[in-house]
1. When DSSP assigns beta bridges and you keep just the ones with both residues in segment B:1-107, what percent turn out antiparallel, to the nearest 5?
2. Whose amide H sits under 5 Å from the amide H of B:Leu78, counting only residues 5 or more places off or on another chain, with H placed in the peptide plane?
3. Taking a point 7 Å out from Cα toward Cβ as the label site, list the nm distances between A:Lys111 and the same residue in every other copy, smallest first.
4. Can you give me the span-like helices of chain A, meaning DSSP H runs with 24 Å or more of Cα extent along the axis and Kyte-Doolittle mean at or above 1.0?
5. To one decimal in nm, how far is B:Ser128 from the same spot in the other copies, if labels go 7 Å from Cα toward Cβ? Please give the shortest first.
6. Give me the Kirkwood hydrodynamic radius of segment B:2-108 in Å, from all C-alpha pairs, to one decimal place?
7. Go ahead and run the numbers for FRET between A:Gln26 and A:Glu112, Cβ-Cβ distance against an R0 of 41 Å, rounding to 0.05.
8. Which residue fluctuates the most in chain B, going by a Gaussian network model with Cα springs under 10 Å, if the choices are B:Asn120, B:Asn68, B:Asn90?
There are 2 protein chains.
Amino acid sequence: MEPKKFRVIKSEIRILGVDDGKFVPQTEGSAIVVGVVFRGGYEIDGVMHTHVEIDGFDATEKLASMINSSPHRKQLRLVMLNGITFAGFNVVDIKKLNEITALPVIALTPKEPDLEAVQNALSNLPKSQERWKIILAAGEIHEFRCKGKKIYMELAGISLVDAEEIVKLTSISSCFPEPLRVAHLIASGVSF
Amino acid sequence: MEPKKFRVIKSEIRILGVDDGKFVPQTEGSAIVVGVVFRGGYEIDGVMHTHVEIDGFDATEKLASMINSSPHRKQLRLVMLNGITFAGFNVVDIKKLNEITALPVIALTPKEPDLEAVQNALSNLPKSQERWKIILAAGEIHEFRCKGKKIYMELAGISLVDAEEIVKLTSISSCFPEPLRVAHLIASGVSF
């Protein structure tokens, strides 16, 4: 999809932050994935969840259906993911997620993605080529510096300028957006 | 326990807000109960959870053990409960919870508790007298008005003056403390 251009980014923009919970790596089963609706970087408007298969292939579809079936869908303007891999190597195709939900997607990580290490890890999994393709489909990794720290973003349906502004707007105590910080706390806190 | 006297109530006081998630009434099984650690009325520091039996008798013990085993325990200064009944009629003995955790407890409801209706509902459950005793043990129900709305509180280990101040401090958009509003959103949002 063509990047959405934000004419104005309101301080109360509704953002969905998404992260997965704890799981036992390399086992069968699923992990909880939590979405938390924030107004800008402060108030929480709602919480939703789904489950994705550990090392499976259903993350894109499960996230899209969690978002599209939510009563908060109409208010949402953006989706932020804590990286693009959930429950191990269940990779989210962020371009596809952007298409299905019609919402811009920012996938953020505080660590620089080590693609070589990822490719090596993938080689132990079935359908490693298919997973690798989805990872590459996320496109360019943008390095971005705020409050003295580097973070790394992959984008779908949003310009780099708008993405940087939204990350800054929603990062309160550190250079990490509140919707993702809180999604992480909730997903970990309700796991097991 | 003697009510704890707060010499100063700091704006960043760490409060645990606790609420239960959805469950199918009058069935066997359990409901999730979520605790969310707030600094005052704004920042979320952590999330914890436990499960309590639907219409069971384990809520006091399960909440106490969730709190006492949490890495956040040392920072916590107060526990807020969304009422005293969880997962149906699994009643929390707030005096006992105060004793076991050594933390003051405020149980809050936006609706005036209708004790007659509660007593009638209890009569359909096993051990109704035992439940009724725990409900009465919560002590006086204090009506309290803030931002034009009434709310109702039962207290353990805290004075009415301190409890009112903390409720006001943590109520941002409406007369309902953020730790409880968000505990409710999380517990509902991750149920089923």
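What follows is calculated from the coordinates using simple rules that are stated; it is not laboratory data. Quick caveat: nothing in here was measured; it's all calculated off a predicted structure. All Cβ positions, glycine included, derive from the backbone under ideal geometry; neighbour counts span all protein chains shown.
1. Expressed as a percentage, antiparallel bridges in segment B:1-107 total about 75.
2. Excluding prolines and chain starts, which carry no amide H, the hits are B:Leu16.
3. Copy-to-copy label distances for A:Lys111: 4.9 nm.
4. none
5. List, nearest first: 6.6 nm.
6. Hydrodynamic radius (Kirkwood, Cα pairs) of segment B:2-108 is 14.0 Å.
7. Computed FRET efficiency for A:Gln26 and A:Glu112 comes out at 0.95.
8. Top of the fluctuation ranking is B:Asn120.
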